[in-house]
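**Student:** Below is a structure I'd like to ask you about.
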Amino acid sequence: MKYFNKSVFYFIVNVAILLIVLTKTLFAWSSGPPAYRTGAPGDEGTCSADGCHNSFPPDSGSAKFSISGPSAYTPGKAVKIGVSFSDSGGKLHGFEMTAVDADGNRVGKFKNIGSTTRVISPNDPARGLEKKDKGKYIEHTIKGSKKKSWKVKWTSPASASGTITFYAAGNEADGGGTNSGDYIYTTTLEIAAESSASGQ
């Protein structure tokens, strides 16, 4: 009987630990995916590619996922960038975005507007962001997962020139609390430097 009680006790403890770990993992991803999941060159694909939200092929859902912004940026100045879903029946939504120059370098600094987005920090071990990429990735928060659109700020380097391409991956989730049954989308937006856009 004592052996039985011990076995049951250890079984219950192990199950409890597993549930805590799974709960923490699901909670973490509901507030945004790991870094480098935008589908940009040099990234680790998207949340579909790494075997997480892979129930369906990327961009196979019926929703529309897009990035919006000005036609041009001024080096060293901030611009507002929008990310949004439309025609979506999902219960929860999320995204991750970065900006890349013509040479394939991640550039500029993102800043959140309000509490529905956050800049990924290299101090968050769950996200795996390298220190050199501080400020270069932004994503939704738990509060933001209840939205279908988000606004953020992006400031280009003072030395920036040429076209910047914004890459984003979005998650249209069914709200079931697991990583199955969700659709992953990708999209891009190109913004030229002010002088390039004006043809000077």
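**Student:** Can you give me the pair-distance distribution of region 31-197, C-alpha pairs, 5 Å bins, whole percents?
**Tutor:** Result, from short to long distances: 2, 10, 19, 23, 21, 14, 8, 3, 1, 0 percent.
**Student:** Sorting check: for 61-69, 157-165, 92-100, 139-147, which peptide has the highest mean count of neighbouring beta carbons within 10 Å, and how do the rest follow?
**Tutor:** Numbers: 61-69: 16.8, 157-165: 14.6, 92-100: 26.3, 139-147: 20.0.
Answer by packing, highest mean first, reads 92-100, 139-147, 61-69, 157-165.
**Student:** How far is it, in nm, from the label point at T74 to the one at K132 when both lie 7 Å from their Cα along the line to the Cβ?
**Tutor:** 3.2
**Student:** Something else about it: For a 22 Å ceiling on Cα separation, which of these pairs sit above it: K77/K146; K80/K147; K91/K136?
**Tutor:** On the way: K77/K146 30 Å; K80/K147 18 Å; K91/K136 28 Å.
Check vs 22 Å cut-off fails for K77/K146; K91/K136.
**Student:** Using only alpha carbon pairs under 8 Å that are at least six residues apart, calculate the relative contact order of region 143-197 and give it in whole percent. Before the final figure, lay out each step's value.
**Tutor:** On the way: 49 pairs, mean separation 19.9, N = 55.
Contact order relative to length: 36 percent.
**Student:** Quickly work out the D87-to-K111 label distance, labels modelled 7 Å from Cα along the C-beta direction, and quote it in nm with one decimal.
**Tutor:** With each label point 7 Å from Cα toward Cβ, the separation is 3.6 nm.
Any read-out appearing in this document is the output of simple, stated calculations on the displayed coordinates, not a laboratory observation. These numbers were taken from a predicted model, which means no experiment stands behind them. All Cβ positions, even for glycine, are placed from backbone atoms using ideal geometry, and neighbour counts span all protein chains on display.
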